[in-house]
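Undergrad: Provided herewith is a single structure, encoded as C-alpha cells, for subsequent inquiry.
Each value in this text was obtained by applying a stated rule to the coordinates, not by laboratory testing. Not measured: the values here are computed from a predicted model. With ideal geometry, Cβ positions are generated from the backbone for all residues, glycine too; neighbour counts draw on all protein chains shown.
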Amino acid sequence: MNAVAPDERPRRPVSDTVSERPRGGPDDAIVGRLSRLDRLLPVWIAVAMAVGLVLGRTWTDLTDALDSFTVGSVSVPIAIGLLVMMYPVLAKVRYSETARVTGDRRLLGASLVMNWLIGPALMFALAWLLLPDLPEYRTGLIIVGLARCIAMVLIWNDLACGDREAAAVLVAINSVFQVFAFAALGWFYLQTLPGWLGLSTTSADFSVWAITASVVVFLGIPLLAGFATRLIGERTKGRDWYEDTFLPKLGPWALYGLLFTIVLLFALQGDAIISNPWDVVRIALPLLAYFAITFALGMVMGRRLGLGYAKTATLAFTAAGNNFELAIAVAIGTFGITSGQALAGVVGPLIEVPVLVGLVYVSLWARRFFPTEGARS
C-alpha cells in the first residue's frame, strides 16, 4: 500500500544494534509516530466506502454519468483519480540511489526472490486455496500479489528501524521492474500456470495486452512524471527543499486519489457488496495469511543470509507490502470498475494498514534474535 510517506531526508543507515533506538513506550508508541493521515488510513477508507454506498443508492444514474466521459473503454474521472493516486507515490522515490545498494548482492537477490518469485506464487496459492468458488475475487488477489509495494513500505520500514536507504533503493527497483514484468507475470499466473495445473483460467476477454496497457498508463506515466519531478525539483531547488517542502504538500494527494477511486468503486458496487458482505470477509482472509507468511519468510531469509537486523527488516517489509494502487488501476483498466477484481483490490489497503502496524511491533521484538555486531554487510 502506498499513501503518505514520512519525512524522507537523507540519513545514515540504521544500526543493526539492538540499543540503537529505544524500544518505545507510552511516550513513543509506534502508531503515534505515524502522521495523522497514515494513522487514520483505515478510518478514511471505511468512510470512503460508506460514502460510496450512500452515493450509489441516491445517484441511480451514476454509471451512465461516468460512461459519458470515456476515452476508449476507460472512464476519464476514474483515470484521473488513479493517476492522482500514483503520481505522488512515485515522486517520493530516490531513483539516484539505485546503483549504491544494488552492490549488496545478497540483499538484492533476496529481495528479487521474495518480491517476484515467492510473493506472487504465495498469493496465487492462497487465492486458489481460500477462494476456489469466487473467480473474480481470486483473480483480483492474484493481481494484488503481482503489484509490489513501492512507497508506504518506507513508513513501516522506518518505524521498525530498518535501513531506510536500502528500502528506498528496493522501492525504486520495484517501480521500474513492474513496468516490464507485471504484464508477463499476469499472463503466467492467470493463464499459463492454471492451465498447467488443470485449473480454470480467466475469461476469454482477458488479454495480456489489456494488462500491459493498464500498467503503461497507470504506472508508466506517473513513473516518468515522478522521476522528472524529482530530477527537476532537486536540480532547481535542492533535495532539502524537495523533500522537506514540496513532498509534504504533494504526498496527501495520493490518499485523495485513492479515496476518490474507492468512493466511485463502492458507489457502483454497492448492491453487490450489501447483498454479499461475507465476500469481503473471505477476501480479507488470504490477505491476512499472505502478510503474515511473507513477512515471516523475509525475516527468516535475512537472518539466514546474515544481513543484520536493519536490512532484514527492510527485506521483510518490502516483500510483505503491496502496491494496491497499481492493483486497483490494473483491475479497473482490464476488467472494469464494477468487477469483483477491482473490489478485491480495494479491500487490500483496509487490511494492510493495521496488519503491518502490528508487524512493526513483531519486527522490533525479533531484534533480540540478531547479532549486535558484525552483522552489517
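Undergrad: Taking neighbour Cβ counts within 10 Å as the exposure measure, how do MET86, MET114 sort from fewest upward?
TA: Working: MET86 30, MET114 23.
Going from sparsest to densest Cβ surroundings: MET114, MET86.
Undergrad: Mind giving me the nanometre distance, one decimal, between the label points for TRP196 and ILE221, set 7 Å out from Cα along Cα→Cβ?
TA: Distance between the two pseudo-spin positions: 3.5 nm.
Undergrad: When ranked by the protection proxy of mean other Cβ atoms within 10 Å per residue, highest first, what sequence do the peptides 228-240, 276-288, 175-187 form? Provide the component values of the computation, followed by the final result.
TA: Working: 228-240: 14.1, 276-288: 16.3, 175-187: 18.8.
The densest-packed peptide leads the list: 175-187, 276-288, 228-240.
Undergrad: Let me ask something else. Compute the Cα gyration tensor for the range 274-314, then decide on rounded, prolate or oblate, letting a ≥ b ≥ c be the square roots of its eigenvalues: rounded whenever a/c is under 1.5, prolate when a/b is larger than b/c in the other cases, and oblate in all that remain.
TA: prolate
Undergrad: Can you spot the lysines whose alpha carbon is less than 20 Å from LYS249's alpha carbon? Ignore those fewer than 8 places along the same chain.
TA: Within the straight-line cut-off, LYS249 pairs with LYS92, LYS237.
Undergrad: While we're on this one: How would you classify the range 245-315 from its alpha-carbon gyration tensor, with a ≥ b ≥ c the square roots of the eigenvalues: rounded for a/c under 1.5, else prolate if a/b is greater than b/c, otherwise oblate?
TA: oblate
Undergrad: Let me ask you something else. Suppose we keep just the alpha-carbon trace of the range 74-368; what are its Rg and Dmax in angstrom?
TA: In order Rg, Dmax, the Cα atoms of the range 74-368 give 18.3, 57 Å.
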